Amino acid sequence: MDKRNETKKISVGGVTVGGRAEVTVQSMCSTKTHDVEATVRQIRELQAAGCDIVRLAIPDMAAAEAVPAIKEQTEIPIVADIHFDHRLALAVAERGVDKIRINPGNIGSEENVRKVAEACKKRNIPIRIGVNAGSLEKRLIEKYGHPTPEAMVESAKTHIELLNRFDFDDICLSMKASSVPLTVAAYRLASEEFPYPLHLGVTETGTAWNGTVQSAVGIGALLCEGIGNTIRVSLTADPVEEVKTGVAILKAAGLRQGIRLVSCPTCGRTQIDLIGLAHEVEKRIEGMDRNITVAVMGCVVNGPGEAREADYGVAGGVGCGLLFKKGEVIGTYPYERLCDALIELIEKDN
Ligand code: SF4
């Protein structure tokens, strides 16, 4: 069952998150937010890679004050990431931010929560409550012994109730942990318990290779169960890599269209440099704005059959390869010409 359809919807600067809306990709700038020029440059790079919503760290007033200039020079919605200081939340709300990530249980008195809830409500600014297994309240660790899905859901409930008390319901939730099974279990439980859209992510996953695997398993498993409305891949790497990985995960889960490469694993029948060819094709089709499948297959035994299923494809022979388009053989080309011929064929139809 697709639980996505059952969630409430929020609007983040005009981008809908939740309900039947397309699952969006988020990332977070690694620049100092007060450095407007560097932050704007990075936001543009992220947007070009497919980022729909971007988050900025707001550790101090200088960062909050940079928000209007950043907003003026960029197009995608901006989320302010705030911890503990409600005055920063009030400052960014006044300065046109599109969403705030803050945990209302961590900002002091109920009066502080009321002020933030009212400031956000007045301007239709949603709030993401970000539960993190690594920073659960002490009383929950004492009650459950260690971070469990139930403890994380109870933490979310406490934060939600605080906002609901001030008639604030424009909420999105995340339930991140660095363990994939804990993350998946926590989101499953949250999707049963709460009507709010879910921001998916596995946190602190490590460098690009390890983080990609963990994110693909955790986020991918949930997306395939119909859980999750927006995603953020966390990598110890350039955030552009996070966005590329996020887009690839959505494509793999069948939730985003675009160009798709299929290639065989190679075996003893392969008679051309298929790995080299697949990498070259991948590089040259990256960024093409087409909704097509391109197949790069190693041999004429299984290759042509597979390649025929794709919109475009090649199947290797001895030092050469067959070129296919929608099941039709277009011709035979020497290996050196194969990649160019394939790309020319794809571009001709654009
Ligand atoms: Fe081997 Fe051919 Fe299959 Fe590639 S397509 S794995 S070369 S049999």
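Mind checking the dipole of the chain: about its Cα centre, +1 per Lys or Arg Cβ, -1 per Asp or Glu Cβ, Debye to the nearest 20? Please report the intermediate quantities before stating the final value.
Details: 41 positive and 47 negative charges, 100 e Å.
The calculated dipole for the chain is roughly 480 debye.
Computed from backbone phi, the HN-Hα couplings of segment 277-292 come to 5, 4, 5, 5, 5, 4, 5, 7, 8, 4, x, 5, 8, 9, 10, 9 Hz, rounded to whole numbers (Karplus: 6.51 cos²θ - 1.76 cosθ + 1.60, θ = phi - 60°; Gly and Pro given as x).
At a Förster distance of 25 Å, what's the computed FRET efficiency of residue 110 paired with residue 150, Cβ-Cβ distance as r, to 0.05? Plugging the Cβ-Cβ distance into 1/(1 + (r/R0)^6) gives 0.50.
Its Cα gyration tensor gives the chain an equivalent ellipsoid; the semi-axes, largest first and in whole Å, are 44, 22, 17.
Spin-label pair residue 207-residue 238: with each label point 7 Å from Cα along the Cα-Cβ axis, the two points sit 1.6 nm from one another.
The phi-based Karplus calculation (6.51 cos²θ - 1.76 cosθ + 1.60; θ = phi - 60°) puts the 3J(HN,Hα) values of segment 97-114 at 5, 9, 7, 10, 9, 7, 9, x, x, 10, 10, x, 5, 4, 4, 5, 5, 4 Hz, whole numbers, x for Gly and Pro.
Can you order the peptides 138-151, 161-174 by their average number of other Cβ atoms within 10 Å per residue, highest first? Walk me through the numbers before you get to the answer.
Values: 138-151: 14.8, 161-174: 18.4.
Highest mean packing first, the order is 161-174, 138-151.
Packing, taken as the mean count of other beta carbons within 10 Å per residue, orders the peptides 263-269, 209-215, 74-80, 194-200 from highest to lowest as 194-200, 74-80, 209-215, 263-269.
Just the accessible area per residue of segment 133-269, please: how many Å² with a 1.4 Å probe?
43
Between the alpha-carbon centres of segment 206-220 and segment 131-199 there is a gap of 21 Å.
Max-minus-min Cα coordinates of segment 42-195 on each principal axis give 47, 39, 27 Å, with the largest extent listed first. Label positions at residue 122 and residue 20, each projected 7 Å from the Cα along the C-beta direction, are separated by 3.6 nm. Computed in the context of the full set of protein chains, the accessible area of the chain at 1.4 Å probe radius has 49% of its extent on carbon or sulfur.
Residue by residue, segment 242-256 carries 3J(HN,Hα) couplings of 4, 5, 4, 5, x, 5, 5, 5, 5, 5, 5, 7, x, 9, 9 Hz when phi is fed to the Karplus relation 6.51 cos²θ - 1.76 cosθ + 1.60 (θ = phi - 60°); x denotes Gly or Pro. For residue 38 and residue 261, the FRET efficiency from 1/(1 + (r/R0)^6), where r spans their Cβ atoms and R0 equals 30 Å, is about 0.35. What you get for segment 66-221, charging only the Cβ of Lys and Arg (+1) and of Asp and Glu (-1), is a dipole of about 160 debye around the Cα centre.
The values are calculated or read from the model by the stated rules, or taken from the named source; none is laboratory data. No experiment lies behind these values; they were computed from the predicted model shown. Glycine gets a Cβ as well: all are built from the backbone with ideal geometry, and neighbour counts include every protein chain shown. Calculation scope for accessible area: heavy atoms of the full protein, side chains included, ligands and nucleic acids excluded. Shrake-Rupley method; radii C 1.70, N 1.55, O 1.52, S 1.80 Å.
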